[in-house]
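Read the structure below first, then the notes.
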Amino acid sequence: MNTFVTASTVAKVLLALSVTQAPTVAHINDPLLQQVRPNNRNTSRTMFVPTSVASATSATTVANDYSYEFINRTTTPQENIIGEIRQFNLLDANWDGEGAFKPKSTSIKEAVSFVRILDDKIAIPDPMLLASGNTALYWNEGGLYADIEFLGDGRIAYFIKSNGDKHKGILTFDSEKMPAVLQTLIGV
Amino acid sequence: MPDTTNQNGQFNPLHAAHAIEQVMLTLQFDQPVDNAIFGRVREAAGQFRQELPGEAEIHGLTFPFGPDVRPPINSGISFRRAEPDGTVGQELRVDRTSLSFITTRYTRWNEFWTQASRYFNVLAPIYAGHARLAGVGCTYVDKFVWSGNTVNCRPALLLRGDSKYICPHVFTADDLWHSYTGAFIRVDRNTKRLLNVNVDHTDELRLGETRRIVAITTVLSDQLNQAGYDPCTVTPDTVTDFINTRIQALHVFSKVVFGNIINDTMSRRIALIE
């Protein structure tokens, strides 16, 4: 008699395996049961279950090889900027001590959407919160100064100074597509 | 100021903008498909090689307990995308009874589901013609990292004190802890939903350094054709719509559960609420 055990069995993941560790008994179809617990062998969960879950009996977790590949990614520059922007959500009115308006959530959302669609190759802007409660992004390097204010109503106000030329205006932003004007002027 | 912070330290979402370490979607079928059908699955999955170029066979092991020794069984295949930092960003796993898609590059639900559904929409109908859909699962792993002296680390700065998904005694614990809970929920006449919420307050070894974390694993699986429930018939023609509806519902429910675990301040910080 052979018993078939596969590493990929664990990929049945949290459907099959969660059933086996459930607080009450659930019906497991026979073929599945055979693969999950062949001949009373406990199937290892460690390959697919996140490290912290796999260590149910230990308060110190150590990454196994598989999860190491998955979990140890670095935070991207875009995520860091979005994280900074989202922290504006935590501020109340008068956050600057000079009567500033409460940060506008719609403006924050627009700024986050904008950062998401930035080209990976361009310099990451710095976020700023304006007294109006609007969120803005700015670049100031290599002969380029640009600031973009998200008005919170689907529009962007921009001011760009590049190679001695100045450009300013207001344009619409649908949160999905980079406005062509900004692509041209900033290269975003 | 925010109650996630104090002068002695604070919890931060794993990736600044969000706390999601990984998300996994799974489709489970009630029996393995045979070689011929699995060949069709593999062939169809091959069209995703360009976007998930890291291809690996998933080999089974055989444990002989008698004279009938068979060769190792090839049980599945995985397609991965590796990121520049060497980590696995996405993986599609295909085997004889299940499909799963995992990402560590989660940004937005719509993007994630758009990608995953492209795979599922191609592959699931092949299974559905030969096996019953037994379950649809969605798992999130969220992680928050303590910044500051660990002596001052208090998960109550992050978690909702009255959460029904966390054992109350952990809020007064002086040391690290785990809080695991689960329940079946009767969603409708066909669906037995298993909810597991596993919260770990642990020290995690990462890149040679230890950091203190709170990890929250939210596991949801809609189990079908269960005893005490009405049968659920899903055909190759209906499976994609069925899966779409189910997974969207699981996603919405997981957000509700998660919002019942972390406090409002952190919920705003990661844009779970505005």
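Read-outs throughout are calculated quantities, based only on the coordinates presented, and are distinct from any laboratory measurement. Keep in mind it's a predicted model, so treat the numbers as computed, not measured. Cβ coordinates were reconstructed from backbone atoms using ideal geometry, including for glycine residues, and neighbour counts include every protein chain displayed.
At a Förster radius of 45 Å, what calculated FRET efficiency corresponds to the Cβ-Cβ distance of A:LYS102 and B:ARG49, to the nearest 0.05?
0.35
In whole Hz and in residue order, list the ³J(HN,Hα) couplings for the range B:156-173 that follow from phi through the Karplus curve 6.51 cos²θ - 1.76 cosθ + 1.60, θ = phi - 60°; x for Gly and Pro.
Result, rounded to whole Hz: 4, 6, 10, 9, 7, x, 9, 4, 6, 9, 10, 4, x, 5, 5, 6, 10, 5.
Out of residues 5 or more away from B:TYR180 or on other chains, whose amide H comes under 5 Å of its own, with H placed 1.01 Å from N in the peptide plane?
Amide H to amide H, under 5 Å and 5 or more residues apart or across chains, B:TYR180 pairs with B:VAL199.
In the range A:84-145, which trypsin sites (Lys or Arg not before Pro) fall in coil by DSSP and have 14 or fewer other Cβ atoms within 10 Å?
A:LYS121
Taking Cα atoms, how many degrees apart are the long axis of helix B:109-128 and the longest axis of chain B, rounded to 10 and kept between 0 and 90?
Relative to chain B, helix B:109-128 is tipped by roughly 30 degrees.
Out of residues 5 or more away from B:GLY9 or on other chains, whose amide H comes under 5 Å of its own, with H placed 1.01 Å from N in the peptide plane?
When sequence neighbours closer than 5 places are left aside, there are no close amide H contacts.
Apply the a/c threshold of 1.5 to the C-alpha gyration tensor of chain B and tell me whether it is rounded, prolate or oblate.
Prolate, since a/c reaches 1.5 and a/b exceeds b/c.
Compare the Cα positions of A:LEU90, A:GLN78, A:GLY143 along the charge dipole of the range A:72-171 (+1 at Cβ of Lys, Arg; -1 at Cβ of Asp, Glu; about the Cα centre) and return the one farthest towards the positive end.
Result: A:GLN78.
Pull out the extension gain between A:LYS166 and A:LEU91, defined as 0.36 nm times the separation in residues minus the alpha carbon to alpha carbon distance; nm, one decimal.
Net length gain for the segment: 23.7 nm.
Long-range amide H contacts for A:GLY133: which residues qualify at under 5 Å (H placed 1.01 Å from N, peptide plane, sequence gap of 5 or more or a different chain)?
Counting only residues 5 or more places away or on other chains, the set is A:PHE101.
Measuring from centroid to centroid over Cα atoms, what is the spacing of the range B:126-185 and the range B:83-120 in Å?
22
Going down the list A:LYS161/B:LYS255; A:LYS104/B:LYS192; A:LYS109/B:LYS192; A:LYS168/B:LYS143; A:LYS109/A:LYS161, which pairs span over 31 Å between their C-alpha atoms?
A:LYS161/B:LYS255; A:LYS104/B:LYS192; A:LYS109/B:LYS192; A:LYS168/B:LYS143
Just grab the label-to-label distance for B:ASP237 and B:THR87, each label 7 Å out from Cα along the Cβ direction, in nm (one decimal).
Roughly 4.5 nm, to one decimal.
Quick one: Karplus J couplings for the range B:137-146, per residue in order, coefficients 6.51, -1.76, 1.60, θ = phi - 60°, nearest Hz, x for Gly and Pro?
Couplings: x, 9, 10, 10, 10, 10, 9, 10, 10, 6 Hz.
Between the range B:204-251 and the range A:128-164, how many Å separate their Cα centres?
Comparing the Cα centres of the range B:204-251 and the range A:128-164, I get a distance of 41 Å.
Per residue of the range A:89-103, in order, report the coupling 6.51 cos²θ - 1.76 cosθ + 1.60 (Karplus, θ = phi - 60°) as ³J(HN,Hα) in whole Hz, putting x for Gly and Pro.
Those phi angles translate into 4, 8, 8, 9, 4, 6, 5, 9, x, 10, x, 5, 6, 4, x Hz.
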